[in-house]
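Below: the structure, in structure tokens.
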Amino acid sequence: MAKNIQSLERAAAMLRLLAGGERRLGLSDIASSLGLAKGTAHGILRTLQAEGFVEQDAPSGRYQLGAELLRLGNSYLDVHELRARALVWTDDLARSSGESVHLGVLHQQGVLIVHHVFRPDDSRQVLEVGAMQPLHSTALGKVISAYDPVAHSEVLEVPREGFTPRTVTDLTEFESLLDMTRARGWAADVEETWEGVASVAAPIHDRRRMPVGAVAITGAVERVCDEGELRSELIAAVRDCARAVSRDLGAGRF
């Protein structure tokens with residue numbers, strides 16, 4: 001069994017202490033509560049402070065939890081609220097389309113799959129929750145990159161790998177694709193990431209009208225496309241699903 005990293009365990013214990021006790025604690029209080037030397041505790045606190053996880057009150061010198069933890073906590077809650085709000089709608093979308101449905105969010109210069117509804121047949125399928133998809137080639141990634149400024153910046157920083165002959169790697173052509181995505185409200189991936197697989201995705205917005213993720217239908221090209229083009233009824237269905245989830249998140253009409 002792999003050993004835990006002691007410094008990380010101590011940092012986690014320190015954060016729990018600050019979260020569960022008084023609003024602010026001094027260095028001596030933190031060190032004695034955790035059984036640490038003052039120098040060791042101070043070094044960990046300085047690192048946590050540099051990362052924004054801990055703040056120090058200047059007048060008293062006492063420490064408290066920092067704003068970065070609040071941001072991470074809100075991100076966690078946002079993802080879980082998104083998934084909770086999308087459950088019924090994505091189930092309906094999979095049932096009506098007959099294809100797999102994925103819900104994705106921006107994460108570490110890629111798309112993290114946070115919910116996956118299997119294609120409603122008896123075929124063997126693999127649950128893809130927790131899997132990462134590229135931003136530049138997938139329908140989910142392109143629609144998130146088109147609407148989310150952070151994703152847009154990040155997709156330009158990573159190498160745009162050519163997974164198939166259809167993958168768009170040229171920057172100018174890729175930017176044109178994002179412009180088209182914003183204009184029509186959805187993104188496509190027809191064998192740009194995986195041979196024989198096609199996908200269509202639409203963006204989901206929250207109550208602040210900010211993009212928080214995307215939903216996609218994915219399946220075999222011969223089922224999702226008609227004469228090389230995505231089936232119009234699937235495009236309409238995924239857009240309706242995205243609008244419904246957005247409304248449940250408080251975004252109003254789109």
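Some points to look at:
- When every residue of the stretch 77-99 is checked against the conditions, none turns out to be within 30 Å of residue 169 (Cα to Cα), in contact with a Gly (Cβ under 7 Å, 6 or more places away or on another chain) and either in a strand (DSSP E or B) or not charged (D, E, K, R) (or both).
- Options 232, 246, 199: the member that is under 17 Å from residue 112 (Cα atoms) and either open to solvent by less than 60 Å² (accessible area, probe 1.4 Å) or out of contact with any strand residue (DSSP E or B) (no Cβ under 7 Å at 6 or more places or on another chain) (or both): 199
- Residue among 114, 105 that alone is out of contact with any Cys (no Cβ under 8 Å at 6 or more places or on another chain), surrounded by fewer than 20 Cβ atoms within 10 Å (Cβ to Cβ), assigned to a strand (DSSP E or B) and in contact (Cβ under 8 Å) with a residue 40 or more places away in the chain: 114
- Filter result (within 25 Å of residue 239 (Cβ to Cβ) and in a helix (DSSP H, G or I)) within the stretch 146-173: 146, 147, 149, 150, 151, 152, 154, 155, 173
Residue-wise test of (1) closer than 23 Å to residue 223 by Cβ; (2) among the hydrophobic types (A, V, I, L, M, F, W, C); (3) surrounded by fewer than 22 Cβ atoms within 10 Å (Cβ to Cβ).
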| position | (1), (2), (3) |
| --- | --- |
| 59 | no, no, yes |
| 96 | yes, no, yes |
| 101 | yes, yes, no |
| 122 | yes, no, yes |
| 135 | no, yes, no |
| 141 | yes, no, no |
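- Any pair with Cβ under 7 angstrom, 6 or more apart, that starts in the stretch 55-74 at a residue that is farther than 17 Å from residue 12 by Cα and ends at one that is open to solvent by 60 Å² or more (accessible area, probe 1.4 Å) and modelled with pLDDT of 85 or more: 56/49
- Hey, residue 157 open to solvent by 60 Å² or more (accessible area, probe 1.4 Å), in contact (Cβ under 8 Å) with a residue 40 or more places away in the chain and either within 20 Å of residue 242 (Cβ to Cβ) or of a type outside the set (A, V, I, L, M) (or both) or not: yes
- Residue match in the stretch 66-82 (condition: open to solvent by less than 60 Å² (accessible area, probe 1.4 Å) and at pLDDT 90 or above): no
- Residue count, the stretch 34-54 (criterion: open to solvent by 70 Å² or more (accessible area, probe 1.4 Å) and either under 15 Å from residue 19 (Cβ atoms) or of a type in the set (A, V, I, L, M, F, W, C) (or both)): 1
The values are calculated or read from the model by the stated rules, or taken from the named source; none is laboratory data. Just so we're clear, the structure is a prediction, and the values are computed from it rather than from any experiment. No Cβ is skipped: glycine too gets one built from the backbone with ideal geometry, and neighbour counts run over all protein chains shown. Ligands, DNA and RNA are excluded from the accessible area calculation, which covers all protein heavy atoms including side chains. Shrake-Rupley method; radii C 1.70, N 1.55, O 1.52, S 1.80 Å.
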